[in-house]
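A.B. asks: Mind looking over this structure? Questions follow.
Rule-based calculations on the coordinates, nothing more; no lab input. All values reported here derive from a predicted model rather than from experimental measurement. Cβ coordinates were reconstructed from backbone atoms using ideal geometry, including for glycine residues, and neighbour counts include every protein chain displayed.
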Amino acid sequence: MEKQKAIGFIGSPRKNGNTAILTNELLELLKDSFEIEKIFLKDYNINPCKECYYCTENEECSIKDDMQILYPKLKEAQVIILSSPIFMGGITSYMKAFMERTWHLRKGQLESKTGSYIIVGRRDIGSGKNEMEEYLSRLKVNKITGVLGFGFREGDVSTDEEALKDIQRLGSQIINLNRKNSANE
Ligand SMILES: Cc1cc2nc3c(=O)[nH]c(=O)nc-3n(C[C@H](O)[C@H](O)[C@H](O)COP(=O)(O)O)c2cc1C
């Protein structure tokens, strides 16, 4: 049987940064059960929503940029992981623009999927957790509580034992949920 996909969407400008480190750890745990993919949002040209409301009539976005590459990826993934550092008390603008551009997918199109998140801040994650939770609620996916990591310089999070333990917990939860869902199919 073909493996389902687990995709990590990363909103950090640092490809070897703390958010990427925790996302790599998670994807590594998932790789026997899923086909895994890692996407750095900074590699894609993603404009913010321009509030034209085209999507309310058409269930697609009118802006023809690299989100057109990412929409099919979101739809084909069974597991969606959103990873972001905290910048100024919230998720990064890479992640925020990505989220805004999925407004037309909030009507249950992704409800059979599993979603979670990874957040890394130096000290104060501000509204980051709430933003992730709110977004996943709006997408109506099966939400699993995400992981918070702490670190500042590249690599710092590798010594955050609690975050690493939480990644193990998240990996197991995702695999177990997927097993249960497959058994019910
Ligand atoms: C512009 C900017 C704003 C930041 N604001 C916060 C903040 O509000 N709270 C916090 O805990 N860390 C803040 N940080 C620190 C980063 O979240 C931290 O260095 C994180 O590890 C970066 O993740 P990365 O290595 O994946 O890029 C900020 C960093 C930058 C560059």
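A.B. asks: Quick one: what are the phi-derived ³J(HN,Hα) couplings along region 80-94, Karplus 6.51/-1.76/1.60 with θ = phi - 60°, whole Hz, x for glycine and proline?
C.D. replies: Each residue of region 80-94 in turn: 10, 10, 10, 10, 8, x, 9, 10, 6, x, x, 5, 6, 5, 4 Hz.
A.B. asks: Which one, Thr56, Leu22, Ala163, projects farthest toward the positive side of the charge dipole computed for the chain from Cβ point charges (K/R +1, D/E -1)?
C.D. replies: With unit charges placed on the Cβ atoms, the residue in question is Thr56.
A.B. asks: While we're here: Describe numerically, in nm with one decimal, the distance between label points set 7 Å from Cα along Cα→Cβ at Glu2 and at Asn58.
C.D. replies: 2.8
A.B. asks: Then there's this: Under a 5 Å amide H to amide H cut-off, with H placed in plane at 1.01 Å, what residues pair with Phe40 once short-range neighbours are removed?
C.D. replies: Residues meeting the criterion, in which the H sits 1.01 Å from N, are Ile10.
A.B. asks: Counting only DSSP beta bridges with both residues in region 4-184, what percent are antiparallel, rounded to the nearest 5?
C.D. replies: Here the antiparallel bridges make up roughly 5 percent for region 4-184.
A.B. asks: Which GluC sites (Glu not before Pro) does region 6-104 hold that lie in a coil by DSSP with at most 15 other beta carbons within 10 Å?
C.D. replies: Glu51, Glu59, Glu60
A.B. asks: What residue among Lys15, Lys129, Lys143 shows peak mean-square fluctuation when the chain is described by a Gaussian network model with Cα springs under 10 Å?
C.D. replies: Lys15
A.B. asks: Among Lys96/Lys143; Lys96/Lys180; Lys64/Lys129; Lys38/Lys140, which pairs are too far apart, with a Cα-Cα distance over 28 Å?
C.D. replies: Beyond 28 Å: Lys96/Lys180; Lys64/Lys129.
A.B. asks: If you don't mind, another one. Return a whole-number percent for the relative contact order of the chain, with Cα pairs under 8 Å and 6 or more residues apart as the contact set.
C.D. replies: Working: 326 pairs, mean separation 46.6, N = 185.
For the chain, the relative contact order is 25 percent.
A.B. asks: Whole-Hz ³J(HN,Hα) for each residue in region 36-45, computed from phi via Karplus 6.51 cos²θ - 1.76 cosθ + 1.60 with θ = phi - 60°, x for glycine and proline: what do you get?
C.D. replies: 9, 8, 10, 10, 8, 4, 5, 7, 10, 8
A.B. asks: On to the next question. Roughly how big is the chain's charge dipole about its Cα centre, with Cβ charges of +1 (Lys, Arg) and -1 (Asp, Glu), in debye to the nearest 20?
C.D. replies: Using Cβ point charges on Lys, Arg, Asp and Glu, the chain gives about 100 debye.
A.B. asks: Moving to a separate point now. Using a 10 angstrom cutoff on alpha carbons, build the Gaussian network for the chain and name the most mobile of Ile175, Ile144, Ile69.
C.D. replies: Ile69
A.B. asks: Another question, then. Just to verify a number: FRET efficiency for Ser137 and Asn45, C-beta to C-beta distance, R0 = 22 Å, to 0.05?
C.D. replies: Given R0 = 22 Å and the Cβ-Cβ separation, E is 0.20.
A.B. asks: Can you give me the distance in nm between label points at Gln68 and Asn184, each placed 7 Å from the Cα along the Cα-to-Cβ direction?
C.D. replies: Reported label-point gap for Gln68 and Asn184 is 3.7 nm.
A.B. asks: Plugging the Kirkwood radius over Cα pairs into Stokes-Einstein for the chain, at a temperature of 25 °C and a viscosity of 0.890 mPa s, what D comes out in µm²/s? Write down the numbers at each step before the final one.
C.D. replies: Details: Rh = 16.6 Å.
After rounding, the answer is 148 µm²/s.
A.B. asks: If you take every residue apart from Ile63 with its C-beta less than 14 Å away from the C-beta of Ile63, what net charge results, scoring Lys and Arg +1 and Asp and Glu -1?
C.D. replies: -2
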